[in-house]
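The values are calculated or read from the model by the stated rules, or taken from the named source; none is laboratory data. Just so you know, these numbers come straight off a predicted model, no measurement behind them. All Cβ positions, glycine included, derive from the backbone under ideal geometry; neighbour counts span all protein chains shown. All accessible areas refer to the heavy atoms of the entire protein, side chains included, with ligands and DNA or RNA removed. Shrake-Rupley method; radii C 1.70, N 1.55, O 1.52, S 1.80 Å.
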Amino acid sequence: GKERFGEEGTALMQVLNPLIRSAGQLWMDLAARRQEVIALLDQSPEGFALYDGDNRLVHRNPSLERILRSDPGRALLERVVEAAVRDFRTAHTKKDDNLEKAARSFAQTVATGPAEYSIQLSRVDKLVGSEGVVLVAVRVLAAELPSEDRLRAKYGLTRAAARVAREIAAGESTR
C-alpha cells in the first residue's frame, strides 16, 4: 500500500479508482450495446453492413452474405458499397455536417447485371457508441429469375411446374 506509492500516490489512486471503474463499466455497456445492434441487424431480412471510422468492414449480417453469395456481380456490388462509404465519410468531414442531407445524397441504385440494388448509408455513432460508424443497408430491387430448365434441374420440377414457379416469382398471374 502506502510504502509502495507513498501517501500522495495512495491518495491519487483512491481518487482515480472510482473513475477507472466507471470507465470500465461504460466500456462494457457500449460493447453490450454494439452486440445488441448487431443481433438486431442479424435478424433482419434486409442486407446490412457496418463500417468503422477507418472505413473497415466490421460486420455483415447473414442476409447481406446471402445476397452477395447469390450474385455473380458480387465484386462490383462490394466495390460500389466501399466507394459509397468513402464518399459518405468525405461528405461528413466537411464543415457543413448535415447528416440528413448527406444520408439522402448517399442513397443510390446499383445494377450488377443479374440484379439491381438500393444502397442507403447512415451514420450510427450514437447508436453503437463509436465515432464514425457507418451503417449500409442493401435492398434487392430486382433479381434475375432462374430459367425454367434450371428450376427443373435443381428442384426436380415438371416443365409446367417450373413455368408456374417462375411466373409466381415474377409476380405474374398463373391464370
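What nm value, rounded to one decimal, do you get for the distance between E65 and A153 when each label is placed 7 Å out toward the C-beta?
Between E65 and A153, the label points sit 2.7 nm apart.
When a/c is below 1.5 the answer is rounded, else prolate if a/b is larger than b/c, else oblate, so apply that to segment 1-93 with a ≥ b ≥ c taken from the square roots of the Cα gyration tensor eigenvalues. Please list the in-between numbers first.
Numbers: a/c = 4.44, a/b = 2.70, b/c = 1.64.
In terms of gyration-tensor shape, prolate.
Just how much of V58 is accessible, in Å², when a 1.4 Å probe is used and the result is rounded to the nearest 10?
Roll a 1.4 Å probe over it and V58 shows about 90 Å².
To the nearest 10 square angstrom, how much accessible area does S44 have with a 1.4 angstrom probe?
So the heavy atoms of S44 present about 20 Å² to solvent.
Starting from 0.36 nm per residue, how many nanometres of slack lie between D54 and Q25 once their C-alpha separation is accounted for? Write down the numbers at each step before the final one.
Values: separation 29, 0.36 × 29 = 10.44 nm, distance 2.52 nm.
Computed gain between D54 and Q25 is 7.9 nm.
What spacing in nm lies between the two simple spin-label points modelled at R79 and T10, each 7 Å away from Cα in the Cβ direction?
Output for this residue pair reads 6.7 nm.
To the nearest 0.05, what FRET efficiency results for A111 and Q35 with a Förster distance of 45 Å applied to their C-beta separation? Mind dumping the intermediate values first?
Working: r = 35 Å, r/R0 = 0.77.
Step by step, r from the Cβ atoms, then E = 0.85.
At 0.36 nm per residue, minus the direct Cα-Cα distance, what do T90 and V140 gain on full extension? Give it in nm, one decimal, please.
Working: separation 50, 0.36 × 50 = 18.00 nm, distance 2.60 nm.
Taking 0.36 nm per residue and subtracting the Cα distance, the gain is 15.4 nm.
Mind listing the long-range amide H neighbours of H59? Cut-off is under 5 Å, sequence gap 5 or more, other chains count too, H placed in the peptide plane at 1.01 Å from N.
L50
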